[in-house]
1. So for region 65-83 (the condition being part of a helix (DSSP H, G or I), open to solvent by less than 30 Å² (accessible area, probe 1.4 Å) and more than 18 Å from VAL114 (Cα to Cα)), does at least one residue qualify?
2. Give region 25-48 a look and list any residue that's surrounded by fewer than 16 Cβ atoms within 10 Å (Cβ to Cβ) and of a type in the set (Asp, Glu), or say none.
3. Just one of ASN59, ASN24 is out of contact with any Leu (no Cβ under 9 Å at 6 or more places or on another chain) and at pLDDT 95 or above; which is it?
4. I'd like to know if region 48-60 contains one or more residues that are closer than 23 Å to LEU115 by Cα and either within 12 Å of the chain's Cα centre (by Cα) or basic (Lys, Arg) (or both).
5. Kindly indicate which of VAL25, VAL114, VAL6, VAL89 is in contact (Cβ under 8 Å) with a residue 60 or more places away in the chain and touching a Lys or Arg at 6+ places or on another chain (Cβ under 6 Å).
6. If you check LYS110 against the conditions, is it open to solvent by less than 50 Å² (accessible area, probe 1.4 Å) and of a type in the set (D, E, K, R)?
Amino acid sequence: LRGKVVLIDFWASWCKPCRAENPNVVAMYKKYKSKGFEVYSFSLDKSKEAWEKAIKADNLIWKSHASDLKYWQTAAIDIYGFNSIPFTVLIDREGKILAKGLRGGELEQKLMEVL
């Protein structure tokens, strides 16, 4: 993912606000992927089956999906400092954090700015 603007999207299949935001993330991916935008989804699920089913159901079409299936015990919480989901981290082409917690129109506004 080096050289791309990457959205790390923390979510889970059981999280209703996450699932409600997924169509927006998909739309942003489709709109900006040709300009160097990529999504890296990290799920806080416990069930691999539920996680994979949600990826298909929500049409999360990018290639980068990860989960350690540790729910709220994942090390990602300490690394990125969040306590609720959905939570996003936008990283620039050099690997620096541009913004955290972008959703909806705020995400698109920032993408238009950096891309």
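The values are calculated or read from the model by the stated rules, or taken from the named source; none is laboratory data. Since this is a predicted model, take the numbers as computed values, not measurements. With ideal geometry, Cβ positions are generated from the backbone for all residues, glycine too; neighbour counts draw on all protein chains shown. Side chains are part of the model used for accessible areas, which takes the heavy atoms of the whole protein and leaves out ligands, DNA and RNA. Shrake-Rupley method; radii C 1.70, N 1.55, O 1.52, S 1.80 Å.
1. Residues of region 65-83 that are part of a helix (DSSP H, G or I), as a first pass: 71-73, 76-80.
Subset that is open to solvent by less than 30 Å² (accessible area, probe 1.4 Å): 76-77.
Imposing the further condition that a residue be more than 18 Å from VAL114 (Cα to Cα) reduces the set to 76-77.
Yes: region 65-83 contains one or more residues that are part of a helix (DSSP H, G or I), open to solvent by less than 30 Å² (accessible area, probe 1.4 Å) and more than 18 Å from VAL114 (Cα to Cα).
2. Going through region 25-48, the residues surrounded by fewer than 16 Cβ atoms within 10 Å (Cβ to Cβ) turn out to be 27, 30-31, 33-36, 48.
Listed by number, the list is empty, since nothing qualifies.
3. Working: ASN24 fails: out of contact with any Leu (no Cβ under 9 Å at 6 or more places or on another chain).
Result: ASN59 is the single residue among ASN59, ASN24 that is out of contact with any Leu (no Cβ under 9 Å at 6 or more places or on another chain) and at pLDDT 95 or above.
4. Looking only at region 48-60, we keep the residues that are closer than 23 Å to LEU115 by Cα, and these are 60.
Now narrow it down to the ones that are either within 12 Å of the chain's Cα centre (by Cα) or basic (Lys, Arg) (or both): 60.
Checking region 48-60: at least one residue is closer than 23 Å to LEU115 by Cα and either within 12 Å of the chain's Cα centre (by Cα) or basic (Lys, Arg) (or both).
5. Details: VAL25 fails: touching a Lys or Arg at 6+ places or on another chain (Cβ under 6 Å); VAL114 fails: touching a Lys or Arg at 6+ places or on another chain (Cβ under 6 Å); VAL6 fails: touching a Lys or Arg at 6+ places or on another chain (Cβ under 6 Å).
Residue meeting the stated conditions: VAL89.
6. Working: open to solvent by less than 50 Å² (accessible area, probe 1.4 Å): yes; of a type in the set (D, E, K, R): yes.
For LYS110, the condition - open to solvent by less than 50 Å² (accessible area, probe 1.4 Å) and of a type in the set (D, E, K, R) - is met.
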